[in-house]
Amino acid sequence: MNGKRSFASDNNSGAHPLVLEKLAESNFGHVTGYGHDIFTERAKDKFKGLFGNDIDVFFVFNGTAANILSIKALANSYNAVFCADTSHVHVDECGGLENFCGCKIIPLKSSNGKIEKEQIGQYLNYKGNEQRSQPGVVSITQPTEYGLLYTVEEIKALTRYAHENGMFVHMDGARIANGIAAMDLDINEMTRDAGIDALSFGGTKNGMMFGDAVVFFNRDLSRHFIYIQKQGMQLASKMRFISIQFEALLSGGLWLDNAKHSNRMARLLYEKIRDIPQVEITRPVETNMVFAKVPEGIIKALQKNYFFYILDEANSEVRWVTSFDTQDEDIDGFVLCLKKLLK
Ligand SMILES: Cc1ncc(COP(=O)(O)O)c(C=O)c1O
(Lines give C-alpha, C1' and ligand atoms only; values in the text may rest on other atoms or scores of the structure.)
Protein backbone atom coordinates (compact mmCIF):
# COMPACT_ATOMS: atom_id res chain seq x y z
CA MET A 1 0.00 0.00 0.00
CA ASN A 2 1.43 3.35 -1.01
CA GLY A 3 -1.14 5.61 0.65
CA LYS A 4 -2.22 6.97 -2.73
CA ARG A 5 -5.81 8.21 -2.77
CA SER A 6 -8.09 5.63 -4.33
CA PHE A 7 -11.73 5.36 -5.34
CA ALA A 8 -12.54 2.34 -3.20
CA SER A 9 -14.57 3.93 -0.43
CA ASP A 10 -15.00 7.08 1.57
CA ASN A 11 -13.75 5.10 4.54
CA ASN A 12 -10.39 4.54 2.87
CA SER A 13 -9.51 8.17 3.50
CA GLY A 14 -7.81 9.43 6.63
CA ALA A 15 -9.26 11.91 9.10
CA HIS A 16 -9.77 15.60 8.37
CA PRO A 17 -7.04 17.82 9.89
CA LEU A 18 -9.62 19.76 11.94
CA VAL A 19 -10.81 16.49 13.43
CA LEU A 20 -7.25 15.59 14.39
CA GLU A 21 -6.77 19.06 15.87
CA LYS A 22 -9.85 18.62 18.05
CA LEU A 23 -8.71 15.17 19.12
CA ALA A 24 -5.42 16.65 20.28
CA GLU A 25 -7.30 19.44 22.05
CA SER A 26 -9.29 16.94 24.10
CA ASN A 27 -6.21 14.89 24.96
CA PHE A 28 -5.42 16.30 28.36
CA GLY A 29 -5.99 15.35 31.97
CA HIS A 30 -8.73 13.07 33.19
CA VAL A 31 -12.42 13.28 32.39
CA THR A 32 -15.19 10.97 33.50
CA GLY A 33 -15.69 7.95 31.25
CA TYR A 34 -18.65 6.49 29.37
CA GLY A 35 -19.91 9.79 28.00
CA HIS A 36 -20.29 11.69 31.26
CA ASP A 37 -17.81 14.31 30.15
CA ILE A 38 -17.79 17.87 28.91
CA PHE A 39 -16.80 16.93 25.34
CA THR A 40 -19.75 14.60 24.97
CA GLU A 41 -22.05 17.28 26.37
CA ARG A 42 -20.70 19.72 23.81
CA ALA A 43 -21.13 17.27 20.95
CA LYS A 44 -24.71 16.57 22.06
CA ASP A 45 -25.34 20.32 22.08
CA LYS A 46 -24.11 20.50 18.49
CA PHE A 47 -26.66 17.87 17.50
CA LYS A 48 -29.34 19.79 19.37
CA GLY A 49 -28.30 22.87 17.44
CA LEU A 50 -28.98 20.91 14.28
CA PHE A 51 -32.17 19.10 15.21
CA GLY A 52 -33.63 20.96 18.21
CA ASN A 53 -33.54 20.13 21.91
CA ASP A 54 -36.09 17.34 21.89
CA ILE A 55 -33.80 14.59 20.62
CA ASP A 56 -31.63 11.95 22.24
CA VAL A 57 -28.23 11.28 20.75
CA PHE A 58 -25.65 8.56 21.40
CA PHE A 59 -22.19 7.96 19.97
CA VAL A 60 -20.90 4.60 18.78
CA PHE A 61 -17.76 3.33 17.08
CA ASN A 62 -19.17 2.54 13.63
CA GLY A 63 -22.09 2.55 11.25
CA THR A 64 -22.91 -1.10 11.68
CA ALA A 65 -23.44 -0.55 15.40
CA ALA A 66 -25.49 2.59 14.78
CA ASN A 67 -27.83 0.60 12.53
CA ILE A 68 -28.15 -2.55 14.58
CA LEU A 69 -28.44 -0.93 17.98
CA SER A 70 -30.95 1.69 16.85
CA ILE A 71 -33.11 -0.95 15.19
CA LYS A 72 -32.91 -3.04 18.37
CA ALA A 73 -34.40 -0.08 20.19
CA LEU A 74 -37.28 -0.05 17.69
CA ALA A 75 -38.04 -3.76 17.53
CA ASN A 76 -38.64 -6.92 19.50
CA SER A 77 -37.20 -10.25 18.42
CA TYR A 78 -40.62 -11.30 17.10
CA ASN A 79 -40.69 -8.35 14.68
CA ALA A 80 -39.92 -8.23 10.98
CA VAL A 81 -37.64 -5.49 9.66
CA PHE A 82 -38.28 -4.42 6.07
CA CYS A 83 -35.38 -3.03 4.08
CA ALA A 84 -33.95 -2.91 0.56
CA ASP A 85 -32.38 -6.12 -0.72
CA THR A 86 -29.20 -4.08 -1.26
CA SER A 87 -29.15 -2.44 2.15
CA HIS A 88 -26.04 -2.50 4.30
CA VAL A 89 -27.97 -3.86 7.24
CA HIS A 90 -29.10 -6.83 5.15
CA VAL A 91 -26.05 -7.50 2.97
CA ASP A 92 -22.98 -6.15 4.74
CA GLU A 93 -23.45 -6.54 8.48
CA CYS A 94 -22.72 -10.25 8.74
CA GLY A 95 -26.18 -11.09 10.00
CA GLY A 96 -25.59 -8.77 12.94
CA LEU A 97 -29.19 -7.61 13.09
CA GLU A 98 -30.51 -11.16 13.09
CA ASN A 99 -27.96 -12.16 15.71
CA PHE A 100 -28.21 -9.19 18.00
CA CYS A 101 -31.92 -8.39 17.70
CA GLY A 102 -33.28 -11.79 16.75
CA CYS A 103 -35.54 -10.07 14.21
CA LYS A 104 -36.44 -11.43 10.81
CA ILE A 105 -35.15 -9.29 7.98
CA ILE A 106 -37.47 -9.10 4.98
CA PRO A 107 -35.46 -7.73 2.05
CA LEU A 108 -37.49 -5.99 -0.64
CA LYS A 109 -36.44 -5.80 -4.27
CA SER A 110 -35.10 -2.31 -4.70
CA SER A 111 -34.44 0.10 -7.50
CA ASN A 112 -30.96 1.54 -7.05
CA GLY A 113 -31.38 0.86 -3.33
CA LYS A 114 -34.82 2.46 -2.97
CA ILE A 115 -37.98 0.73 -1.80
CA GLU A 116 -41.66 1.74 -1.93
CA LYS A 117 -44.47 1.42 0.54
CA GLU A 118 -46.53 -0.83 -1.74
CA GLN A 119 -43.89 -3.53 -1.35
CA ILE A 120 -44.59 -3.77 2.37
CA GLY A 121 -48.33 -4.10 1.84
CA GLN A 122 -48.22 -7.80 1.01
CA TYR A 123 -46.86 -8.53 4.50
CA LEU A 124 -49.44 -6.61 6.48
CA ASN A 125 -51.63 -9.68 6.82
CA TYR A 126 -48.89 -11.08 9.06
CA LYS A 127 -50.22 -8.75 11.75
CA GLY A 128 -51.89 -10.62 14.54
CA ASN A 129 -50.90 -14.01 13.15
CA GLU A 130 -48.76 -15.64 15.82
CA GLN A 131 -47.14 -17.88 13.21
CA ARG A 132 -45.56 -14.89 11.46
CA SER A 133 -42.96 -12.27 12.37
CA GLN A 134 -44.83 -9.09 13.20
CA PRO A 135 -44.20 -6.08 10.92
CA GLY A 136 -42.19 -3.78 13.18
CA VAL A 137 -39.63 -1.61 11.43
CA VAL A 138 -38.90 -0.16 8.02
CA SER A 139 -35.24 0.71 7.48
CA ILE A 140 -34.21 2.89 4.55
CA THR A 141 -30.78 4.10 3.51
CA GLN A 142 -30.35 7.76 2.56
CA PRO A 143 -28.46 8.14 0.27
CA THR A 144 -28.74 4.53 -0.81
CA GLU A 145 -25.86 2.11 -1.24
CA TYR A 146 -25.92 3.23 -4.90
CA GLY A 147 -25.68 6.90 -4.00
CA LEU A 148 -29.28 7.69 -4.90
CA LEU A 149 -31.62 9.87 -2.92
CA TYR A 150 -35.17 9.44 -1.76
CA THR A 151 -37.09 12.69 -2.16
CA VAL A 152 -38.65 14.12 0.97
CA GLU A 153 -42.07 13.17 -0.41
CA GLU A 154 -40.95 9.57 -0.94
CA ILE A 155 -39.67 9.38 2.63
CA LYS A 156 -42.91 10.86 3.95
CA ALA A 157 -44.96 8.35 1.99
CA LEU A 158 -42.99 5.51 3.58
CA THR A 159 -43.08 6.87 7.13
CA ARG A 160 -46.79 7.70 6.92
CA TYR A 161 -47.56 4.19 5.74
CA ALA A 162 -45.32 2.60 8.36
CA HIS A 163 -46.79 4.62 11.20
CA GLU A 164 -50.37 4.04 10.06
CA ASN A 165 -49.60 0.34 10.21
CA GLY A 166 -47.92 0.32 13.60
CA MET A 167 -44.30 0.31 12.44
CA PHE A 168 -41.31 2.54 13.18
CA VAL A 169 -38.87 3.90 10.62
CA HIS A 170 -35.09 3.83 10.82
CA MET A 171 -32.84 5.72 8.43
CA ASP A 172 -29.31 4.50 7.72
CA GLY A 173 -27.59 7.82 7.19
CA ALA A 174 -24.01 6.58 6.97
CA ARG A 175 -23.70 9.21 4.20
CA ILE A 176 -26.49 11.54 5.31
CA ALA A 177 -24.22 14.57 4.87
CA ASN A 178 -23.77 13.74 1.18
CA GLY A 179 -27.53 13.56 0.86
CA ILE A 180 -28.14 16.91 2.54
CA ALA A 181 -25.34 18.52 0.53
CA ALA A 182 -26.83 17.21 -2.71
CA MET A 183 -30.40 18.21 -1.98
CA ASP A 184 -29.47 21.52 -0.40
CA LEU A 185 -32.14 21.42 2.25
CA ASP A 186 -32.36 21.54 6.02
CA ILE A 187 -31.53 18.14 7.50
CA ASN A 188 -34.74 18.24 9.53
CA GLU A 189 -36.85 18.23 6.37
CA MET A 190 -35.32 14.92 5.31
CA THR A 191 -35.33 13.29 8.73
CA ARG A 192 -37.43 14.32 11.71
CA ASP A 193 -40.03 16.37 9.79
CA ALA A 194 -40.32 13.54 7.29
CA GLY A 195 -41.29 11.15 10.10
CA ILE A 196 -38.06 9.27 10.77
CA ASP A 197 -37.99 7.77 14.28
CA ALA A 198 -34.27 6.97 14.56
CA LEU A 199 -31.34 8.01 12.41
CA SER A 200 -27.86 6.53 12.05
CA PHE A 201 -25.83 9.69 11.44
CA GLY A 202 -22.51 8.93 9.75
CA GLY A 203 -19.24 10.46 10.80
CA THR A 204 -16.59 7.96 9.67
CA LYS A 205 -17.25 8.38 5.95
CA ASN A 206 -17.25 12.15 6.21
CA GLY A 207 -13.85 12.98 7.67
CA MET A 208 -13.87 11.46 11.14
CA MET A 209 -11.29 8.92 12.24
CA PHE A 210 -14.12 6.72 13.55
CA GLY A 211 -17.53 7.17 15.02
CA ASP A 212 -21.18 7.42 14.10
CA ALA A 213 -24.17 8.71 16.03
CA VAL A 214 -27.66 7.47 16.73
CA VAL A 215 -30.25 10.23 16.86
CA PHE A 216 -33.72 9.51 18.21
CA PHE A 217 -36.51 11.85 17.17
CA ASN A 218 -39.04 9.58 18.85
CA ARG A 219 -37.79 9.79 22.41
CA ASP A 220 -40.09 7.05 23.70
CA LEU A 221 -37.81 4.68 21.81
CA SER A 222 -34.54 5.85 23.33
CA ARG A 223 -35.41 5.22 26.96
CA HIS A 224 -33.48 1.96 27.19
CA PHE A 225 -30.86 2.71 24.57
CA ILE A 226 -28.00 3.24 27.01
CA TYR A 227 -28.39 -0.37 28.18
CA ILE A 228 -28.62 -1.64 24.61
CA GLN A 229 -25.46 0.33 23.82
CA LYS A 230 -23.56 -1.15 26.77
CA GLN A 231 -24.78 -4.68 26.09
CA GLY A 232 -23.86 -4.12 22.44
CA MET A 233 -20.28 -3.32 23.46
CA GLN A 234 -20.50 0.17 21.99
CA LEU A 235 -20.36 2.29 25.12
CA ALA A 236 -16.86 3.69 24.77
CA SER A 237 -15.14 4.25 28.09
CA LYS A 238 -13.04 7.02 26.53
CA MET A 239 -16.13 8.43 24.86
CA ARG A 240 -14.60 11.89 24.57
CA PHE A 241 -12.57 10.72 21.59
CA ILE A 242 -15.69 9.95 19.58
CA SER A 243 -17.65 12.97 20.77
CA ILE A 244 -14.95 15.54 20.13
CA GLN A 245 -14.76 14.41 16.51
CA PHE A 246 -18.44 15.18 16.08
CA GLU A 247 -17.88 18.57 17.62
CA ALA A 248 -15.27 19.20 14.93
CA LEU A 249 -17.55 17.99 12.17
CA LEU A 250 -20.56 19.98 13.28
CA SER A 251 -18.63 23.21 13.94
CA GLY A 252 -18.49 25.79 11.18
CA GLY A 253 -20.31 23.52 8.75
CA LEU A 254 -17.38 21.13 8.21
CA TRP A 255 -19.75 18.17 7.81
CA LEU A 256 -21.46 19.86 4.86
CA ASP A 257 -18.28 21.27 3.36
CA ASN A 258 -16.72 17.80 3.33
CA ALA A 259 -19.81 16.25 1.78
CA LYS A 260 -20.22 18.98 -0.83
CA HIS A 261 -16.61 18.50 -1.81
CA SER A 262 -16.84 14.73 -2.22
CA ASN A 263 -20.10 15.09 -4.17
CA ARG A 264 -18.43 17.64 -6.43
CA MET A 265 -15.53 15.29 -7.05
CA ALA A 266 -17.90 12.49 -8.09
CA ARG A 267 -19.67 14.90 -10.44
CA LEU A 268 -16.34 15.90 -11.94
CA LEU A 269 -15.37 12.28 -12.45
CA TYR A 270 -18.74 11.61 -14.09
CA GLU A 271 -18.37 14.61 -16.41
CA LYS A 272 -14.91 13.56 -17.47
CA ILE A 273 -15.82 9.98 -18.32
CA ARG A 274 -19.42 10.09 -19.50
CA ASP A 275 -18.48 10.56 -23.16
CA ILE A 276 -15.90 7.77 -23.28
CA PRO A 277 -17.55 5.25 -25.62
CA GLN A 278 -16.26 2.14 -23.81
CA VAL A 279 -17.56 3.37 -20.45
CA GLU A 280 -21.24 3.06 -19.62
CA ILE A 281 -22.49 4.95 -16.58
CA THR A 282 -25.00 2.58 -15.04
CA ARG A 283 -26.76 4.64 -12.37
CA PRO A 284 -27.61 8.31 -11.86
CA VAL A 285 -24.83 10.19 -10.05
CA GLU A 286 -26.49 12.09 -7.21
CA THR A 287 -23.94 12.04 -4.38
CA ASN A 288 -20.36 10.76 -4.12
CA MET A 289 -20.50 7.50 -6.08
CA VAL A 290 -20.14 6.66 -9.74
CA PHE A 291 -21.11 3.24 -11.08
CA ALA A 292 -20.01 2.16 -14.53
CA LYS A 293 -19.54 -0.79 -16.83
CA VAL A 294 -16.03 -0.92 -18.26
CA PRO A 295 -14.30 -3.48 -20.47
CA GLU A 296 -13.45 -6.45 -18.26
CA GLY A 297 -9.88 -6.61 -19.56
CA ILE A 298 -8.81 -3.28 -18.06
CA ILE A 299 -10.20 -3.62 -14.55
CA LYS A 300 -7.20 -5.29 -12.92
CA ALA A 301 -4.71 -2.83 -14.42
CA LEU A 302 -6.85 0.12 -13.39
CA GLN A 303 -7.20 -1.26 -9.88
CA LYS A 304 -3.42 -1.53 -9.59
CA ASN A 305 -3.17 2.20 -10.10
CA TYR A 306 -6.29 3.31 -8.24
CA PHE A 307 -7.93 0.68 -6.08
CA PHE A 308 -11.74 0.31 -6.25
CA TYR A 309 -14.32 -2.42 -5.90
CA ILE A 310 -16.18 -4.42 -8.52
CA LEU A 311 -19.91 -4.41 -7.89
CA ASP A 312 -20.96 -7.04 -10.40
CA GLU A 313 -18.21 -9.23 -11.80
CA ALA A 314 -20.46 -10.83 -14.43
CA ASN A 315 -21.33 -7.47 -15.95
CA SER A 316 -18.01 -5.69 -15.30
CA GLU A 317 -19.84 -3.08 -13.25
CA VAL A 318 -17.56 -1.18 -10.91
CA ARG A 319 -18.02 1.38 -8.13
CA TRP A 320 -15.95 4.52 -7.74
CA VAL A 321 -16.36 6.52 -4.54
CA THR A 322 -14.94 9.96 -3.81
CA SER A 323 -14.01 11.29 -0.37
CA PHE A 324 -13.66 14.59 1.45
CA ASP A 325 -9.97 14.57 0.54
CA THR A 326 -10.23 13.60 -3.14
CA GLN A 327 -8.43 16.20 -5.23
CA ASP A 328 -8.86 17.39 -8.82
CA GLU A 329 -5.52 15.84 -9.67
CA ASP A 330 -6.74 12.45 -8.43
CA ILE A 331 -9.64 12.64 -10.87
CA ASP A 332 -7.34 13.82 -13.69
CA GLY A 333 -4.82 11.05 -12.99
CA PHE A 334 -7.52 8.43 -12.82
CA VAL A 335 -9.19 9.53 -16.05
CA LEU A 336 -5.84 9.66 -17.83
CA CYS A 337 -5.02 6.15 -16.63
CA LEU A 338 -8.46 4.91 -17.71
CA LYS A 339 -8.12 6.45 -21.16
CA LYS A 340 -4.61 5.01 -21.64
CA LEU A 341 -5.83 1.54 -20.77
CA LEU A 342 -8.75 1.85 -23.17
CA LYS A 343 -6.53 2.74 -26.14
C1 LIG B 1 -24.87 2.54 3.73
C2 LIG B 1 -23.93 2.11 4.82
N3 LIG B 1 -24.42 1.94 6.05
C4 LIG B 1 -23.64 1.57 7.07
C5 LIG B 1 -22.30 1.32 6.89
C6 LIG B 1 -21.53 0.81 8.07
O7 LIG B 1 -20.40 1.40 8.40
P8 LIG B 1 -19.21 0.68 9.19
O9 LIG B 1 -18.39 -0.01 8.19
O10 LIG B 1 -18.56 1.85 9.84
O11 LIG B 1 -19.78 -0.24 10.20
C12 LIG B 1 -21.73 1.49 5.62
C13 LIG B 1 -20.30 1.24 5.38
O14 LIG B 1 -19.84 0.96 4.32
C15 LIG B 1 -22.58 1.88 4.54
O16 LIG B 1 -22.12 2.02 3.29
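Using a 1.4 angstrom probe and counting only protein chains, how large is the accessible area of Glu317 in Å², to 10?
10 Å²
So how much slack lies between Asp332 and Asn99, counting 0.36 nm per residue of separation and subtracting their Cα-Cα distance, in nm?
Details: separation 233, 0.36 × 233 = 83.88 nm, distance 4.43 nm.
Contour length minus the Cα-Cα distance gives 79.4 nm.
What's the center-to-center distance, using Cα atoms, between segment 79-96 and segment 1-69 in Å?
24 Å
Considering only protein heavy atoms, what per residue accessible area in square angstrom results for segment 17-250 with a 1.4 angstrom probe? Walk me through the numbers on the way to the answer.
On the way: 9670 Å² over 234 residues.
Result: 41 Å² per residue.
Normalised by the number of residues in segment 42-107, what is the relative contact order in percent for Cα pairs under 8 Å and 6+ residues apart?
Values: 60 pairs, mean separation 20.5, N = 66.
Relative CO of segment 42-107 lands at 31 percent.
Which far-off residues, 5 or more places away or on another chain, put their amide H under 5 Å from the one on Leu311, with H placed in the peptide plane?
Glu317, Val318, Arg319
Averaging sequence separations of C-alpha pairs under 8 Å and six or more residues apart, then dividing by the length of segment 17-250, give the relative contact order as a whole percent.
Values: 439 pairs, mean separation 72.2, N = 234.
RCO, segment 17-250: 31 percent.
Between segment 248-277 and segment 140-171, how many Å separate their Cα centres?
24 Å
Out of Val214, Val294, Val169, any idea which swings most in a Gaussian network model of the chain, alpha carbons joined below 10 Å?
Val294
For Glu313 and Asn165, what is the calculated FRET efficiency with R₀ set at 51 Å and r taken between the beta-carbons, to the nearest 0.05?
On the way: r = 39 Å, r/R0 = 0.76.
Using R0 = 51 Å, I get an efficiency of 0.85.
Using a 1.4 angstrom probe on the protein heavy atoms only, line up Lys117, Lys127, Lys343 by accessible area, largest first. Numbers along the way, then the final one.
Values: Lys117 65, Lys127 95, Lys343 205 Å².
Highest to lowest solvent-accessible surface, that is Lys343, Lys127, Lys117.
Please state the charge dipole magnitude for segment 153-312, taken about the Cα centre, from unit charges on C-beta atoms (+1 on K and R, -1 on D and E), reported in debye and rounded to the nearest 20. Provide the component values of the computation, followed by the final result.
Details: 19 positive and 19 negative charges, 133 e Å.
Charge dipole, segment 153-312, about its Cα centre: 640 debye, nearest 20.
Provide the gained length on full extension for the span Arg223 to Arg132, in nm with one decimal, where the gain is 0.36 nm per separating residue minus the Cα-Cα distance. Let's see the in-between values first.
On the way: separation 91, 0.36 × 91 = 32.76 nm, distance 2.73 nm.
Net length gain for the segment: 30.0 nm.
Among Asn11, Asn263, Asn305, which one shows the highest mean-square fluctuation when the chain is modelled as a Gaussian network with alpha-carbon springs under 10 Å?
Asn305
Give the calculated FRET efficiency between Asn76 and Lys343 to the nearest 0.05, with a Förster radius of 41 Å applied to their Cβ-Cβ distance. Can you show the working numbers first?
Numbers: r = 59 Å, r/R0 = 1.44.
Calculated transfer efficiency: 0.10.
Mind checking which of Ser262, Ser87, Ser237 has the largest fluctuation in a GNM of the chain, springs on alpha carbons under 10 Å?
For the chain, modelled as a Gaussian network with Cα springs under 10 Å, the answer is Ser237.
Quick one: 3J(HN,Hα) in Hz for segment 11-27, Karplus 6.51/-1.76/1.60 with θ = phi - 60°, rounded, Gly and Pro as x.
Coupling constants for segment 11-27: 9, 8, 7, x, 9, 5, x, 5, 5, 5, 4, 5, 4, 5, 4, 8, 8 Hz.
Could you tell me the calculated FRET efficiency between Arg274 and Val31, based on Cβ-Cβ distance and R0 = 41 angstrom, to the nearest 0.05?
Numbers: r = 51 Å, r/R0 = 1.24.
Once rounded, the FRET efficiency stands at 0.20.
What's log10 of I(q)/I(0) for the chain at q = 0.11, 0.14 Å⁻¹, Debye sum over Cα points only, no solvent?
Each listed q maps to, in turn, -0.73, -1.13.
At 7 Å along the Cα-to-beta-carbon direction for both Lys304 and Lys109, put a label point, then send me their distance in nm to one decimal.
4.1 nm
The values are calculated or read from the model by the stated rules, or taken from the named source; none is laboratory data. These numbers come from a predicted model, not from an experiment. Note: ideal-geometry Cβ built from the backbone for every residue, glycine included; neighbour counts use all protein chains shown. Surface areas here come from the heavy atoms of the whole protein model, side chains and all, with no ligands, DNA or RNA. Shrake-Rupley method; radii C 1.70, N 1.55, O 1.52, S 1.80 Å.
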